[in-house]
Amino acid sequence: MSMELLLALPVLLPLGGAAVTLLLRHHLRIQLWVTILTLLVNFTVALVLAYYVNAESVLVLQIGNWTPQLGIVLVADRLTALMLVVSTFVTFAVLIYSSAQAVSENTARTPVAIYHPTYLALVAGVSMAFLAGDLFNLYVGFEVLLSASYVLLTLGGSASRIRAATTYVIVSLLSSVIFLSGIAFIYAAVGTVNMAELAVRLDVLEPGTRMALELVLLVAFAIKAAIFPLSAWLPDSYPTAPAPVTAVFAGLLTKVGIYAILRLETLLFPASQISNLLLAAAGLSLMIGIFGAVAQTDLKRVLSFTLVSHMGYMLFGIGLTTKLGMAATIYYVAHHITVQSTMFLAAGLIEHRGGTTNLIRLGGLAKLAPVIAILFFIPAMNLAGIPPFSGFIGKVGLIQAGIEYDSTAAWILIVVSVLTSLLTLYAIAKIWNRAFWQEPDQDVLENDKPMPKVMIGATSAMVAFSIALTVFAGPIMRYADEAAEAVLERKPYVSAVLGDEAADQLVYHIGSEGQKVVE
């Protein structure tokens, strides 16, 4: 089988699995095993793609053998392959975790049988967004994953979840309308939505028109990625959902938005004139998010605000548009998908054992549940950027990129990023002190539920995966460096989709120090 045909599997497998599990809605155990098998095969396919996509090659699949200008094109380079590996592992581990936990506290009112098909539809949407070779199918991927997320967010039908979902749906629809409008504007301006063709045609537009089109898409993606000041919806939406659902949302959904911004600022609008705007948004996200986290007394809300804050680190590297900054961003995205998801799974364990996520009412878990304490402590230190964990490695890479960039905005962001890391450590220490060290509430002592081994095992696997990002940081950073070089150069992507002749028509590429270079 041709390697290119594998590109369809990360989308087709979960969609097919969703259809099968929907037919098996009256057979929950069989439904679960079909979902597990589907996601395991999906992870295997992602590993194979990551192995075969090298630094020079880009895999392209033209669906139906239509030309790229007319048909659906799926494209995988090193960036795509890495995102698929991390996302498929996380979705597999979270599914195992959720198999041991009721996805709702009110199963009598919840159609639990729809959880698996909806979850698989979400996985298909995420994979489609990563593989999409044109803007419209990127939009379709977003809508598939968002439609599934609406269902997952409201499982249980409680008043708090419905309220949170209402905000989430309204904001998501707004971003989708802006995105679709941006696609229409771009098609009117250049007559295509294929991203390789756009890379060629957008280069010759007037600077004012280019900037207007870029800003429309940037606003749409920034809402999806929860970049400040377009992030207010997230802390109110995520904490109400079940722990496995929140883990997937926190780990993946915002990162799809960051992935789209990365493609926007490298493939479509290289060396953008609004890089200082991106750096300003990164700094504000870092500070506002972490100040919000420090002020919270609920574990899930603390983690939700840290999620908003740490999106700023990723935007920092994208705003620099240098090879080192982009490589550090790619590594940090892989790190944050894993660690943030693990933190929410650990929060689910804490809620299961303590009966609440209210930090004032929790306590004593270091003695009552030492295994949970370990499973929380390791990713918490990783999130705070304590050496030698991957969070520290990613942040050091971003700081080094900022030093090399040597601008006022970069130096301000370096200071802000270090301060944010310290405040993250403070927020984590507050959680640890209240949930694990302070005297436990009587309700916590009475809520002596046995911990399901499957939930512990799935969380442990996520912790091990996050540690692997540290142990194998050298080869992973080299992989990220090659991915960064490819996305900044642009020619390999365009050449793979349209041919060398089209790639020779590119006007700009981004130099190693972030400067726009005329071909």
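The values are calculated or read from the model by the stated rules, or taken from the named source; none is laboratory data. Just so it is clear, the model here is predicted, and its values are computed rather than measured. Using ideal geometry, Cβ is built from the backbone for each residue, glycine included, and neighbour counts are taken over all protein chains shown. Please note that ligands, DNA and RNA were not included when accessible areas were found on the heavy atoms of the full protein model with its side chains. Shrake-Rupley method; radii C 1.70, N 1.55, O 1.52, S 1.80 Å.
Do the sum for the chain: with -39,500 (n - 2.57) for every DSSP H run of n ≥ 4, divided by all residues, what is the mean residue ellipticity at 222 nm, to the nearest 500 deg cm²/dmol?
The helix-only estimate for the chain comes to -23000 deg cm²/dmol at 222 nm.
Whenever you get a sec, compute what percent of the accessible area on the chain sits on carbon and sulfur atoms (1.4 Å probe).
Carbon-and-sulfur percentage of accessible area, whole number: 67.
What do you get for the angle between helix 408-432 and the principal long axis of the chain? Use alpha-carbon atoms, 0 to 90 degrees, nearest ten.
So the inclination is approximately 20 degrees.
For segment 37-49, just list the computed ³J(HN,Hα) in residue order, Karplus coefficients 6.51, -1.76 and 1.60, θ = phi - 60°, integers in Hz, with x standing in for Gly and Pro.
With coefficients 6.51, -1.76 and 1.60, one gets 4, 4, 6, 5, 5, 4, 5, 4, 4, 4, 5, 5, 4 Hz.
Where the centroid of each part is defined by its Cα atoms, how far is segment 453-479 from segment 111-149 in Å?
Taking the Cα centre of segment 111-149 as reference, the centre of segment 453-479 is 25 Å away.
So what's the angle, to the nearest 10 degrees on a 0 to 90 scale, between helix 299-320 and the longest Cα principal axis of the chain?
Approximately 20 degrees, to the nearest 10.
Provide the per residue accessible area, probe 1.4 Å, for the chain, rounded to a whole number of square angstrom.
Details: 18680 Å² over 519 residues.
So the chain comes to 36 Å² accessible per residue, rounded to a whole number.
For helix 275-294, report the angle its Cα long axis makes with the longest principal axis of the Cα atoms of the chain; keep it between 0 and 90° and round to the nearest 10°.
0
What is the packing order of peptides 190-203, 243-256, 15-28, taking the mean over residues of other C-beta atoms within 10 Å and listing the highest first?
243-256, 190-203, 15-28
Computed over the Cα atoms of segment 252-342, what is the convex hull's projected area averaged over all directions, in nm²?
Mean shadow area of the hull around the Cα atoms is 5.5 nm².
If M128, M83 are ordered by their accessible area, calculated over protein heavy atoms with a 1.4 Å probe, which sequence runs from highest to lowest?
M128, M83
Put +1 on the Cβ of each Lys and Arg and -1 on the Cβ of each Asp and Glu in segment 194-277; which of T240, G208, F221 then has its Cα farthest toward the positive end of the dipole?
T240
Multiply the residue gap between S160 and R29 by 0.36 nm, knock off their C-alpha separation, and tell me the result in nm, one decimal place.
Here the segment from S160 to R29 would lengthen by 44.2 nm.
Quick check for me: using +1 on Lys/Arg Cβ and -1 on Asp/Glu Cβ, what's the dipole size of the chain about its Cα centre, in debye to the nearest 20?
That gives the chain a dipole magnitude of about 1500 debye.
I'd like the Karplus ³J(HN,Hα) series for segment 68-83: coefficients 6.51, -1.76, 1.60, θ = phi - 60°, whole numbers in Hz, and an x wherever there's a Gly or Pro.
With coefficients 6.51, -1.76 and 1.60, one gets x, 5, 10, x, 7, 10, 9, 10, 9, 10, 5, 4, 4, 4, 5, 4 Hz.
Just reorder H352, H116 by solvent-accessible area, largest first, 1.4 Å probe, all chains present.
H352, H116
Compute the distance in nm between two label points, each set 7 Å from the Cα along the Cα-to-Cβ direction, one at V294 and one at T209.
Modelled inter-label distance: 4.8 nm.
What whole number of Å gives the distance from the Cα centroid of segment 285-336 to the Cα centroid of segment 1-70?
Answer, in whole Å: 30.
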